[in-house]
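The values are calculated or read from the model by the stated rules, or taken from the named source; none is laboratory data. Remember, it's a predicted structure, so these values are computed and weren't measured experimentally. Quick reminder, even Gly has a Cβ in these numbers, built from the backbone with ideal geometry, and neighbours come from all protein chains shown.
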């Protein structure tokens with residue numbers, strides 16, 4: 001296991017909490033406005049937190065995924081859009097590590113540190129409109145990619161594209177400002193409104209051979225599928241963070257604003273038996289989700305440290321616990337972000353509070369992929385003792 005300096009980790013967590021307090025001041029207004037959180041992204045650049053997962057040998061901070069996910073959760077409590085773009089940066093920066101050569105891994109880690117790059121996500125393997133065509137000693141990229149989270153104000157685009165001649169799904173990395181790349185302003189969804197998760201258009205974009213990382217068709221080793229585990233647990237942490245944030249916001253409102261119901265027989269809403277019951281249930285559910293998410297984080301870190309020695313069984317056990325954590329975090333989160341209005345009352349629906357954003361953000365993000373398929377995998381294990389097979393999607 002990686003030796004973790006708990007003092008350093010706590011310092012980074014403290015920095016994140018301070019930033020979260022700052023972001024919370026404008027979260028409601030920015031959610032209503034949508035668009036790119038440029039100031040907040042620059043604050044992340046200045047914070048050094050974009051270097052968390054990069055190993056120290058390349059100039060990074062050498063932190064664990066446990067720390068990265070804890071910080072992601074802190075941001076999600078106040079602003080899940082910031083948590084989204086922050087965490088997807090880390091999911092992006094390890095792509096050359098997982099899919100590329102040792103030289104590409106070293107190059108992109110080192111260049112990220114040198115240039116303070118902010119990575120985004122344009123992989124979306126379900127969108128196969130991107131075509132990569134060989135041309136002399138290089139390639140040309142044409143097409144469109146949807147759900148490109150964090151694309152606005154990003155420096156680097158990890159992309160998947162279909163090789164025109166072989167039909168293989170290729171992973172490549174190019175600079176966002178390259179000629180022919182157009183990041184479209186077409187993200188206008190009810191939640192995660194500042195994630196810039198719209199589309200990117202590629203018109204005859206030059207791609208060099210050294211920017212081609214590899215093929216993403218059939219897994220060669222379990223470690224090549226670890227990013228799916230990282231993504232799934234990242235989602236679970238954001239879901240949990242949103243739920244925790246909603247709970248804390250409701251608690252503050254109940255303590256300061258909620259009135260007791262006229263037939264409750266109590267003078268304070270904090271003594272209303274039904275309000276207390278709701279808080280008891282929400283608290284219990286949150287502890288269950290938190291426990292599962294954190295257990296999954298420890299197993300994921302252990303799997304990451306195995307790297308190319310990771311076995312299919314180890315990967316399967318990790319994916320199973322992550323799926324369980326994600327299912328619970330999703331259900332608990334959707335329940336709590338709806339239930340908070342029961343303990344706050346009608347006045348809490350005023351748009352100035354923005355309490356609805358917790359549900360809107362969570363409902364939008366939980367549709368990333370159907371939770372039913374995670375439940376199916378869990379059921380297959382519970383009944384047939386069959387672990388999920390390593391794959392690139394879950």
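Remarks
- The range 165-215, residues that are within 30 Å of residue 106 (Cβ to Cβ), in contact with a strand residue (DSSP E or B) (Cβ under 8 Å, 6 or more places away or on another chain) and in a loop (DSSP other than H, G, I, E, B): 165, 168, 176, 178, 179, 180, 196, 208
- Condition met for residue 104 (modelled with pLDDT of 95 or more, closer than 30 Å to residue 362 by Cβ, touching a helix residue (DSSP H, G or I) at 6+ places or on another chain (Cβ under 9 Å) and not in a strand (DSSP E or B)): no
- Qualifying residue in the range 303-317 (condition: closer than 25 Å to residue 362 by Cα, in the same structural domain as residue 365 (by TED's automatic domain parsing) and at pLDDT 95 or above): no
- When the test is whether a residue is buried (at least 23 other Cβ atoms within 10 Å of the Cβ), under 27 Å from residue 103 (Cα atoms) and in contact with a helix residue (DSSP H, G or I) (Cβ under 7 Å, 6 or more places away or on another chain), residue 173 passes it.
- Selection count, the range 41-55, where residues are surrounded by 12 or more Cβ atoms within 10 Å (Cβ to Cβ) and free of Cβ contacts under 8 Å to residues at least 60 places away in the same chain: 9
This table checks each residue for (1) assigned to a strand (DSSP E or B); (2) over 21 Å from residue 210 (Cβ atoms).
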| site | (1), (2) |
| --- | --- |
| 111 | no, no |
| 114 | no, no |
| 128 | no, yes |
| 141 | yes, no |
| 150 | no, yes |
| 153 | no, yes |
| 157 | yes, no |
| 161 | yes, no |
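- The combined condition, being outside any helix (DSSP H, G or I) and over 21 Å from residue 296 (Cα atoms), is fulfilled by residue 259.
- Yes/no for residue 254 being over 24 Å from the mean Cα position of the chain (by Cα), in a helix (DSSP H, G or I) and crowded, with 19+ Cβ neighbours inside 10 Å: yes
- Inside the range 134-144, residues that are closer than 21 Å to residue 100 by Cα, free of Cβ contacts under 8 Å to residues at least 60 places away in the same chain and surrounded by 15 or more Cβ atoms within 10 Å (Cβ to Cβ) make up a count of 0.
- When the test is whether a residue is without any contact (Cβ under 8 Å) to a residue 24 or more places away in the chain, within 24 Å of residue 305 (Cα to Cα) and surrounded by 15 or more Cβ atoms within 10 Å (Cβ to Cβ), residue 105 passes it.
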